[in-house]
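This report concerns only the one structure given below.
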Amino acid sequence: MASSAVLTATGIVKTFPGARALDGVDFELRRGEVHALLGENGAGKSTLIKCLTGAYRRDGGRVELDGVPIDPRDPLDAQKLGIGTVYQEVNLLPNLSVAENLFLGRQPRRFGLVAPGEMNRRARALLAGYDMDIDVSAPLASYSVAVQQVIAIARAVDLSGKVLILDEPTASLDAQEVRMLFRIVRDLQAKGLGIVFITHFFEQVYAISDRITVLRNGRLVGTRETAQLPRKDLVTMMLGHELHATEKAADTHVENAGPVRYAFHGLGKTGKIKPFDLEIRQGEVVGMAGLLGSGRTETAELLFGVETADSGTCEREGERLSLASPRAAIARGFGFCPEDRKVDGIIGDLSVRENIALALQARRGWMRPLSRKEQDALADRYIKALDIRTTDREKPIRLLSGGNQQKAILARWLATNPEFLILDEPTRGIDVGAHAEIIRLIESLCAQGMSLLVISSELDELVAYSHRVIVLRDREHVAELVGGDVTTENIVEAIAGQDRRRAS
Amino acid sequence: MTLKTALASATVLAACLFGSAHAADMTVGFSQIGSESGWRAAETTLTKQQAEKRGIDLKFADAQQKQENQIKAVRSFIAQGVDAILIAPVVATGWDEVLTEAKDAKIPVVLLDRTVDAPKDLYLTAVTSDLVHEGNVAGKWLVDTVAGKPCNVVELQGTTGSSPAIDRKKGFEQALKGHDNLKIVRSQTGDFTRTKGKEVMESFLKAEGGGKNICALYAHNDDMAVGAIQAIKEAGLKPGKDILVVSIDAVPDIFQAMAAGEANATVELTPNMAGPAFDALAAYKKDGKEPPKWIQTESKLYTQKDDPKAVYEQKKGLGY
Amino acid sequence: MSGAKALGWRLLPQIVALVAILLLIWLSFPGFFTVEMQNGRLYGSLIDVMNRGAPVALLAVGMTLVIATRGIDLSVGAVMAICGAVAASSSVRGDPLVVTLAMSLGIGLLCGLWNGVLVAFLNIQPIVATLVLMVAGRGIAQLITEGAILTFNDPGLIFIGSGSVFGLPMPVVLWLVFGIAVALIVRRTALGLMIEATGVNRRAAMLSGIQAPAFLMSAYMLSGLCAALAGLVVTADIRGADANNAGLWLELDAILAVVVGGNSLLGGRFSIIASLIGAMIIQSVNTGILLSGFPPEFNLIIKAAIIVLILLIQSPRMSHLAAFAKPAGPAAPAVGMQKDKTIERTAP
């Protein structure tokens, strides 16, 4: 089979300050195959792609194209060698015409001047190969994203012609557009191109790909034939759990969960998450599982009022609530630790003290400031209680490690004494010690009667502390596992789409 | 506001009634730069008045500081077949083409207040003031007034590098040449504004022993002088007596200061550029007499003896 | 108190720069520090610096808060012209002083509201949003004054420009009182924290329950109010509204004052007092140039050279070098990021 390989990468290593993004990853792409590259956030997919296309220089390993070692300096160089890339956000020039975009930098010339007639003719000919008959002199921006996507592919294939990398090309397309794109991908496949396909949509992986490579934490988990890989196994590969079926002592939890505190009915938003029902009891931890892009964060953002739902109602102990903004949610006792700590959580330049006091202060309003003494006391209390490691409370929070930043944000919410805390990936990217502490904290908060909704990709963790687990797939709540059913195996099965149990 | 509207409509009415009698005389198109300063507004007002006085049918176009608007206006004047065109050009270059069109249509063009970089045969004449001469008149007045006594002069220049600042400085220095009793001790830019005039004068006063060493102030425009007068007063000195004040432009506010004895003299940059232009045009139309290529307007000196109060009242309504 | 000490460290570079410049001027003009009473008011070059620096100092107060929200307000110069014109026309009409002042300040707030709506609710980039009023504002002012300098004689209005309180010129009293009052308000309430949080990370602030749009709006409205005050000062100073020139290019001086004050254009940590010192540094340079007697062609070059020097001295690299000279303690050098000098907390 080696002869059919068009692109071979062996032992690719890429190190960033403080992190090894790729650790000896192997990857092989064959002529005429569609190869899906999968992995959760931070698995190393985009780093690998960037190393292949020259956007990053690799620190170690070997890349061969048609058996010849290559070391592209930049994407342009890779393109010349034969590796073309199309990104989710089409990186063409929207105000230039379709033809100009196709031939940018290599316009046909006559007597040294660009010959528009010739260029348009060639552009039409090129797009005819994709069954596209459009006005090539119209600006790119006048076409839909799907058409732009095809134009980007046409340009990339025309320029490179050996390897085509599609980085989440379908993320913003509708079903029909996806079908059109897939037809084109199959045509190119038939012409012998090697195609790397990155996506979060399982259906599409199984619909189009011949083989699947899964990365996790910068390491290669494995490469399999798509036809011989059950979905369940794929989920396991991505989430990294051997199926040792963690059964849990669920009964204890169920008993100490109190009455229903919050009830959400038919909450949904078009394009974000399908309407769902959700009830949360006092002193209950509800886990939320699903792959990246399955609608977990979207659910949390609807609950917390970051996004406004276009359908559905919320009740707190029978009383209707309006969750029009985070501020409204906070006023009703909600708290939310977002997934992307750096972007949505910390206020980097402000001190640990100020970051901790922020939500409480915001709730009190600017007219009723916490005195410096109160802020100091608050900060000191949580620095001690959560063991936030910092030289002093006046240190800018951006200088703290990820785990300590996470604990500070938890402290920010605990300071508001919430009734309902939403934690989105609370343990991601933090060290082992902090990890365990946060899990202990979740359990103790629950024991104190707080209601929690915890989103996590760490299934073992979810199983360990959740009374119930909601499973999401393709922006829909697809399953609810309760009590004894809360096992990693069941979660994986639900994620993979073999719904066995749907809670009534 | 209503009074103004009423007045305006009355003027229009008057123009219709009396203008029609002379309509056969002359139709003149006037492409004005805009209304960026009080002086410009006064020029517009006076041009309209002068036209009315002579029974000229004036077609007015405001270019809002844009040459392309001026060129458009001139072309439309040509299309309407006016008898003559007045242009107050916003810039000096880029006029050759449209001036040639006017020449081909045999329509004489008179430039007002500024000249252009174009062959001289493309326009009939240019009516402008002589900036160097203005400075010179101001300087002569000061030389005559101090009459040989030693006198330290401070100078408030216009915006650095602008032609009025360069020329008014030059003219003033020429007038002072050979009179060693007069010495320019400080010279700074006041950007032609009151605020800067006041600020710079404050520093002059501090730098020259609280103003005791200063005998006269020469400002390149009246606005800076008005600001400087306030600074002198706030320093506890009497402008017009302790420090002589001479400036250029003759805007209404300086006459108020002169009436109060706080300013001594100003040299007029007349906003009446149209009067001489109409006269030249009339003569040219009547017996084909070509005027000189440059008609210099009078740089009239006003002092406290010229009944500043009356001049103020007279100038007030011109839109300065 | 550690707070006062932190504030001292924060302001040190600005104070050093100001003192250095004042000494430099004194060397070339020995009468510089002479201040005497004249007609019941203090009189001297030092007073001139404080008096002439008033418009920029007032603008810098609002600009500091706007910049803290990671914004910028280019319209303040034009708003000055509008508010000055409004005050002058109201005074000429014979309105009572209270009405004149209320109208002028109200229009300033309204201009700020306009900018705030564009930035906070329509999410237009601040530089573009405020450019609109920067360009249009002067035209509006010219419409009000009908192109001429609108002069007035109301002694109350004139007092704002050239009156004096306890010997200090009124503009000086205005910026000192107003600047310190705003500095106290933002630090004694949680306003400062909210604005800083919004500036550093608007989304995270919003997710913490901060009404980011409201605080953005309030920053731009305060900036509008400051511009109105500055407009009143310059208008009252020359007893006339000069729509063409009032506040011309002062937005740039105000931004410069904030930067010279050690505040980052990237938003976040801010100090109003530092910006006020920044404004005084800029005015000292201006006044120094006027006193020096250099030909005016050199004005801008000298000013630019001095300001480059100040910014150089304040740059993070220089403060790293200086850090070795600092005693150990709360001001220990922070790990290398671009905003080292702003790390020290400005005390409430």
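Observations on the structure shown:
- Förster radius 35 Å - calculated FRET efficiency between C:Val35 and C:Leu265 (Cβ-Cβ, nearest 0.05): 0.50
- Computed over the protein assembly as shown, Cα set: Rg, Dmax in Å: 38.2, 118
- Listed residue pairs exceeding 20 Å between alpha carbons, taken from B:Lys198/B:Lys241; B:Lys170/B:Lys198; B:Lys169/B:Lys309; B:Lys140/B:Lys293; B:Lys198/B:Lys233: B:Lys170/B:Lys198; B:Lys169/B:Lys309; B:Lys140/B:Lys293
- Annotation for B:His179 and A:Arg110: the two label points, set 7 Å from Cα along the Cα-Cβ direction, are 7.5 nm apart.
- Efficiency of FRET between B:Gln296 and B:Lys120 - r from beta-carbon atoms, R0 25 angstrom, step 0.05: 0.95
- Estimated inter-spin distance, B:Arg75 and A:Arg364, nm [label 7 Å along Cα→Cβ]: 6.9 nm
- Those lysines that a straight Cα-Cα span of less than 21 Å connects to B:Lys289, excepting residues fewer than 8 apart in one chain: B:Lys103, B:Lys106, B:Lys120
- Plainly put, chain C has a radius of gyration that is 0.97 times its Kirkwood radius, both from alpha-carbon atoms, as the Rg/Rh ratio.
- Span-rule helices in chain C, defined as complete DSSP H runs reaching 24 Å or more along the axis (Cα) with Kyte mean at least 0.0: C:2-28, C:76-93, C:97-116, C:126-145, C:170-188, C:212-238, C:272-292
- For segment A:44-198, the spread of Cα coordinates along the three principal axes comes to 47, 44, 28 Å, biggest extent given first.
- One compactness figure for segment A:344-417 is 0.98, namely its Cα radius of gyration divided by 2.2 N^0.38 Å.
- In plain terms, chain A is cut at each of the GluC sites (Glu not before Pro) found in a DSSP loop with at most 14 other Cβ atoms within 10 Å, and the longest leftover piece is A:318-504.
- Rounded tilt (10° steps) of A:352-364 against the dominant C-alpha axis of chain A: 70 degrees
- The lysines whose alpha-carbon is closer than 28 Å to the alpha-carbon of A:Lys80, local same-chain residues fewer than 8 away aside, are A:Lys14, A:Lys45, A:Lys50, A:Lys162, A:Lys191.
- Which of A:Ile49, A:Ile388 has the fewest Cβ neighbours within 10 Å, and the rest in rising order: A:Ile49, A:Ile388
- Rg of the Cα atoms in chain B, relative to 2.2 N^0.38 Å, amounts to 1.09.
- Chain B: DSSP helices with Cα axial extent of at least 30 Å and average Kyte-Doolittle hydropathy no lower than 0.0: none
- Using the alpha-carbon positions of segment B:131-269, Rg (one decimal) and Dmax (whole number) come out as 13.0, 34 Å.
- Loop-located trypsin sites (Lys or Arg not before Pro) in segment A:1-88 (DSSP state not H, G, I, E or B) with no more than 14 neighbouring Cβ atoms inside 10 Å: A:Arg57, A:Arg73.
- When the convex hull of its Cα atoms is viewed from all sides, segment C:115-256 shows a mean projected area of 10.1 nm².
- The protein assembly as shown: antiparallel DSSP beta bridges as a percent of all, rounded to 5: 45 percent
- Neighbour counts of C-beta atoms inside 10 Å place B:Val98, C:Val35 in the sequence C:Val35, B:Val98, starting with the fewest.
- Degrees separating the helix A:145-159 axis from the principal Cα axis of chain A, which is the longest one: 50 degrees
- Neighbour-count ranking [beta-carbon atoms within 10 angstrom, fewest first] of B:Val154, B:Val132: B:Val132, B:Val154
- Straight Cα distances below 17 angstrom link A:Lys342 to the lysines A:Lys395, A:Lys407, with same-chain residues fewer than 8 positions distant left out.
- Prolate/oblate/rounded call for chain A, Cα gyration tensor, a/c under 1.5 rounded: prolate
- Degrees, to the nearest 10: A:116-128 long Cα axis against longest axis of chain A: 70 degrees
Throughout, read-outs are computed from the coordinates displayed, never taken from laboratory work. Bear in mind that the values here come from a model prediction, so they are computed numbers and not experimental data. All Cβ positions, glycine included, derive from the backbone under ideal geometry; neighbour counts span all protein chains shown.
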